[in-house]
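The values are calculated or read from the model by the stated rules, or taken from the named source; none is laboratory data. Worth saying up front: this structure is predicted, and the values here are computed from it rather than measured. No Cβ is skipped: glycine too gets one built from the backbone with ideal geometry, and neighbour counts run over all protein chains shown. Ligands, DNA and RNA are excluded from the accessible area calculation, which covers all protein heavy atoms including side chains. Shrake-Rupley method; radii C 1.70, N 1.55, O 1.52, S 1.80 Å.
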There are 2 protein chains.
Amino acid sequence: MKKQDLPRLIDGIAGRARTASRAMQDIKPASIKKALHAMAKLLEQRRAHLDKANREDLEAARKKGLSAAMIDRLTLSDKTIGSMVRGLHEVAALTSPVGTCYDQRTRPNGLKIYKMKVPIGVIAIIYESRPNVTVDAAAICLKSNNAVILRGGSEAFHSNRALAALFSEALGESGVPSDAVQIVPVVDREAIELLLKKEEQIDLVIPRGGEGLIRMVVEKSHIPVIKHYKGVCHVYVSSKADMEKAVPIVINAKVQRPGVCNAMETLLIDAGLKEKNRFALVQALAENGVTLLGDKASRGLLPAMKKATVDDWYAEYLDLRCAVRTVKGIDEAIEHINTYGSHHTDAIVTESSKEAAVFRSLVDSSSVMVNASTRFADGGEYGMGCEIGISTDKLHARGPMGVEDLTTYKWIVEGSGQIRT
Amino acid sequence: MKKQDLPRLIDGIAGRARTASRAMQDIKPASIKKALHAMAKLLEQRRAHLDKANREDLEAARKKGLSAAMIDRLTLSDKTIGSMVRGLHEVAALTSPVGTCYDQRTRPNGLKIYKMKVPIGVIAIIYESRPNVTVDAAAICLKSNNAVILRGGSEAFHSNRALAALFSEALGESGVPSDAVQIVPVVDREAIELLLKKEEQIDLVIPRGGEGLIRMVVEKSHIPVIKHYKGVCHVYVSSKADMEKAVPIVINAKVQRPGVCNAMETLLIDAGLKEKNRFALVQALAENGVTLLGDKASRGLLPAMKKATVDDWYAEYLDLRCAVRTVKGIDEAIEHINTYGSHHTDAIVTESSKEAAVFRSLVDSSSVMVNASTRFADGGEYGMGCEIGISTDKLHARGPMGVEDLTTYKWIVEGSGQIRT
C-alpha cells in the first residue's frame with residue numbers, strides 16, 4: 001500500500017470501529033459468549049490456514065536472523081493454540097459487568113439517580129511480537145462490549161491478520177458486528193501515529209511491550225493511555241521478618257521468572273536483621289545464580305558482590321541480576337521504594353502487624369504485598385479470570401486490569417417531570 | 001520575578017506538593033476535618049485582610065475595564081464568603097472514602113486480596129476568575145487526602161494568594177502539612193506550561209473554565225487530565241411525551257440559567273408528535289425570550305425561526321438561543337445526540353418505558369435523563385455534597401466529580417509466606 005493511502009485506511013478503520021462500538025452497546029451477553037466459543041472452534045478448525053500464515057512470519061523471522069527465543073514466541077504451536085482456546089472459553093464464562101446498576105439514591109425531589117456500567121467504546125491495543133495477545137486482548141475487549149483495534153508487532157503480521165480474520169468470522173456468525181475486531185493491516189509504523197490522533201473515534205489506548213514502545217505511544221497519543229513503563233519491584237525484609245518466609249519469597253520473586261515485570265529487581269535488607277540472616281538472604285540469591293549489585297553495607301556480607309550505583313536503584317534488569325541495599329528501618333525502605341521504584345508491586349516480609357500496616361499505607365504502588373512474592377501481581381492470580389495488562393497509572397485502573405476495567409459508567413437520572421428551581 | 005527564575009519556582013512547588021502528598025497518606029480524617037473548620041473560622045476572622053487583597057484585584061479589574069458581571073464574580077462579598085464558609089463545613093461533614101477496603105477475595109492458596117481506597121496524590125487545578133473555586137477545590141482535594149496546587153485566573157491573583165495563605169495557616173494549626181495547599185504565586189502564563197510537564201510530581205490536572213483554556217491544558221499536558229470541553233445538551237421530546245412534563249422541562253433546561261454547561265442547547269422534537277404540541281414547545285421558548293434556529297420542518301412551526309446550519313448542531317450558545325431539529329423517531333434523535341453532542345447531559349421526555357430504556361442504553365453521555373431537566377447534572381443535585389467539576393471523559397470519572405472521584409485504589413495482598421509455582 002502506498003504511503004499517501006495510509007490516512008484514509010486509518011480513517012476507515014477508526015470510523016468502522018466507532019460505528020461498531022455504538023452497535024455493541026446493545027449486544028446481549030449471550031451473543032458475545034457465542035462469538036467467543038465460535039472463535040475457539042475456528043482456531044481448531046482452521047489450523048492449516050493459520051499454520052500457513054504463521055509459516056510466512058517464521059520464514060521472514062529466520063531470514064532476519066531473529067533469536068531462537070523470539071522465534072519460539074512467534075510460533076503458533078499446539079500449546080499456544082490450546083492456550084488461546086482455553087483462554088477464550090474462560091473469558092466467555094466470566095460474568096459480564098455491562099449494564100450493572102449501582103450507587104442508587106433517591107433525592108428529596110423524587111429523582112432516582114444511579115450509575116450504570118457501560119463499555120468504554122473503542123479500545124486500541126498496540127503490542128509487540130506474541131500473536132496470542134491478539135486473541136486474548138480481543139476477547140477481553142469484546143466481553144465488556146467494546147470494539148477493538150489491534151496493532152501487533154510486524155514480526156507476527158501474517159499470523160495476526162489470519163487470527164483477526166477468524167475473529168471477524170466468529171463475530172459475524174454470532175450476530176455481533178464483525179468490525180468490533182479489526183487489525184491494522186500494514187506494518188508501517190506511521191500507522192500507529194495516525195491511529196493515536198483519532199481521539200474522536202478511539203476512547204482508550206493500551207500499549208503492551210518494551211518501555212520504548214510505551215513511551216512513544218504516550219508521547220504521540222491524543223487519546224488517554226493506560227500503561228506501565230516498567231516493573232522495578234522491591235522486597236523489603238524487615239528486622240522482624242520470619243526467615244522461613246523471607247528466603248523463599250526473595251528467591252521466588254527474583255528467580256522463578258526473572259524476565260517479567262513483577263519479578264523483584266531490588267532487595268532491601270533491614271540493618272536490624274541479625275547478620276547471619278542478612279547473609280542468608282544474599283547467599284541464597286548467589287547460590288541461585290543471581291549476580292548481585294550492592295551498597296557498601298550489603299557488599300560487606302558477600303565480598304563477591306559488585307558495587308551498585310544510583311542507576312541500579314532505578315534498573316529493571318529482567319534478568320538474573322539483583323540490586324541489594326541495606327536500610328535503617330522501615331521508613332528508609334519506604335522512602336527508597338517511593339523514590340526509585342516504578343509503583344508496580346512491592347512487598348514486605350515481617351511478623352509485625354504494625355509494620356505491615358505502615359507499609360500498606362505508605363508504599364505508593366499499584367500492588368502492596370505482605371509476606372508474599374511479588375510474582376503474584378497478575379490478573380489470573382488475583383482471581384480476575386484474565387488480564388489485559390498492568391497499570392501503574394493512578395487514574396481509572398491500577399494494577400492488573402480485567403474485563404471490568406474496560407468499562408466506564410454513565411449517570412442515569414429518572415424523573416417524573418422534575419425541573420430545577 | 002524574573003522569567004529565568006520560573007522553572008525553579010515551579011520545581012519547588014511541585015516537589016513540596018509531592019512531599020506533602022506522601023505525608024497526607026497518613027493524616028487522619030479528624031485532622032482534615034479540623035483544618036477545614038479552622039479555614040472557615042479564618043475566613044471570618046481575617047475579613048479585613050481578605051478585603052484588602054480583593055480590593056487590589058477589583059481596582060486592577062476596573063482599570064482594565066472588565067465588565068460589571070466579571071467584577072461581580074471577582075468580588076469577595078458577604079454572600080461569597082458566607083457560601084465559602086458553608087461549603088467548608090459541608091465538605092468537612094462528608095465521610096472520607098480514604099482507607100475503605102473492598103472487593104475482597106481469598107484465593108485457593110490462602111492469599112487475602114482486596115482493594116484499598118487511597119488518595120490520588122497531587123492534583124493541580126487550573127481555573128479562571130472566581131476566587132471561590134480556590135476554597136471549594138482545595139477543600140475537596142484535602143478531604144480525599146490529596147495535596148493540591150492551585151492556578152487561578154490572573155484577575156483574582158491577590159484574592160487567591162490571600163485565600164491560599166489562610167489555608168496553609170489552617171492546615172498548619174491542625175497538624176496537616178501546610179504545603180498540601182499551594183498556589184502558583186505568579187501570573188505568567190508560562191508557569192502553567194511548566195506545571196503541566198511535572199508528571200513525576202503531579203498525578204492529575206483538572207482544568208476549569210472556557211474551552212480555550214481547557215484545550216490549551218490538554219494540548220500541553222504530560223499529566224492525565226480530566227475535563228469537559230463544553231456542554232451541548234439536548235432534550236428530545238418523543239411522540240409519546242406527556243406535554244405537561246415536556247414544556248416545563250424544555251423551558252427549565254434552556255431558560256433557568258442559560259450560561260452554564262448543563263443548559264439545553266438543542267431541542268429535538270419528534271415529527272410524530274401532534275402539530276399543536278410541536279408548536280407549543282417552540283412557542284413556549286419564544287415567549288421566554290429564546291432566539292430559535294431551526295431546520296426546515298421546525299421553521300414550518302414558527303415562521304420567525306432562523307435557519308440553522310450544521311454549526312448550530314455543534315454550538316454551545318450559553319445564551320438565550322436554542323437550535324431546534326425535528327427528527328423522525330428515537331433512532332434519529334439518538335444518532336443526532338451521539339454525533340453532534342458533547343457527551344455531557346441529554347434528556348428524553350417520554351411516557352414509554354421501552355423508549356426510555358433504548359435512550360438510556362444508547363445515548364453515549366455522562367448523564368442520561370428521563371423526564372427531568374438537564375439542569376440537574378450537578379454534584380450537589382446528585383447528593384455528592386460538593387463537586388470539583390464535570391467530566392465528559394470516559395476514564396476514571398464521568399459526570400459530576402466529588403470527593404470519591406479524587407481517590408484511586410491500591411491492591412493489597414496479604415500472605416503467610418506464599419510463593420508462586
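Some points to look at:
- Contact order, relative form, for chain A: 18 percent (alpha carbon pairs under 8 Å, 6 or more residues apart, mean separation divided by residue count).
- Between copies, the label points at A:Glu169 (set 7 angstrom from Cα along Cα-to-Cβ) are spaced 7.6 nm, reported in nanometres from shortest to longest.
- Most mobile listed residue (B:Leu267, B:Leu88, B:Leu281) in chain B, GNM with C-alpha springs under 10 Å: B:Leu281
- Given +1 at the Cβ of Lys and Arg, -1 at the Cβ of Asp and Glu and no other charges, the dipole of region B:209-271 around its Cα centre is 220 debye to the nearest 20.
- Packing around the peptides B:401-408, A:137-144, taken as the average count of other Cβ atoms within 10 Å per residue, puts them in this order, highest first: A:137-144, B:401-408.
- B versus A: buried accessible surface, summed, Å² (probe 1.4 Å, to nearest 100): 5800
- Estimated [θ] at 222 nm from DSSP helical runs (n ≥ 4, -39500 (n - 2.57)) normalised by residues in chain B, nearest 500: -13000 deg cm²/dmol
- Inter-chain Cβ neighbour count for A:113-125, averaged per residue, equals 2 (cutoff 10 Å, partner chain atoms only).
- What you get for region B:193-347, charging only the Cβ of Lys and Arg (+1) and of Asp and Glu (-1), is a dipole of about 420 debye around the Cα centre.
- Gyration tensor verdict on chain A (Cα atoms; rounded if a/c is under 1.5, prolate if a/b is larger than b/c, oblate otherwise): oblate
- Inter-chain Cβ neighbour count for B:361-372, averaged per residue, equals 6 (cutoff 10 Å, partner chain atoms only).
- Mean sequence separation of contacting Cα pairs (under 8 Å, at least six apart), scaled by the length of region B:1-96, corresponds to a relative contact order of 41 percent.
- Spacing of the two label points (7 Å from each Cα toward its C-beta) at B:Arg47 and A:Glu193, in nm: 6.1
- Förster-model FRET efficiency, 51 Å R0, A:Phe279 and B:His89, C-beta, rounded to 0.05: 0.30
- Relative contact order for region B:135-191: 39 percent, from Cα pairs under 8 Å spaced at least 6 residues apart, divided by residue count.
- The GluC sites (Glu not before Pro) of region A:316-370 meeting both criteria, a DSSP state outside H, G, I, E and B (loop) and at most 15 other C-beta atoms within 10 angstrom of the site's C-beta, are A:Glu351.
- For trypsin sites (Lys or Arg not before Pro), the sites in region B:249-284 that DSSP calls loop and that have at most 14 other Cβ atoms within 10 Å are B:Lys274.
- Shielded by partner chains, region A:377-399 residues - at least 50 Å² of accessible area, 1.4 Å probe, vs chain alone: A:Glu381, A:Tyr382, A:Lys394, A:Leu395, A:His396, A:Arg398
- With both labels modelled 7 Å from their Cα along Cα-to-Cβ, the B:Leu9 to A:Lys296 distance reads 4.1 nm.
- Projected label points at A:Leu320 and B:Tyr314, each 7 Å from Cα along the beta carbon direction, are separated by 6.1 nanometres.
- In the calculated pair-distance distribution of the protein assembly as shown, the portion above 48 angstrom amounts to 26 percent of the Cα-Cα pairs.
- Solvent exposure of chain B, expressed per residue, is 39 Å² of accessible area, with all protein chains present and a 1.4 angstrom probe.
- Highest-first packing order for the peptide set A:57-68, B:304-315, A:112-123 is A:112-123, B:304-315, A:57-68, based on the mean count of other beta carbon atoms within 10 Å.
- Shape class for region B:239-340, computed from the alpha carbon gyration tensor (a ≥ b ≥ c): rounded, with a/c under 1.5.
- Accessible-area composition of the protein assembly as shown, carbon plus sulfur, in percent [1.4 Å probe]: 49
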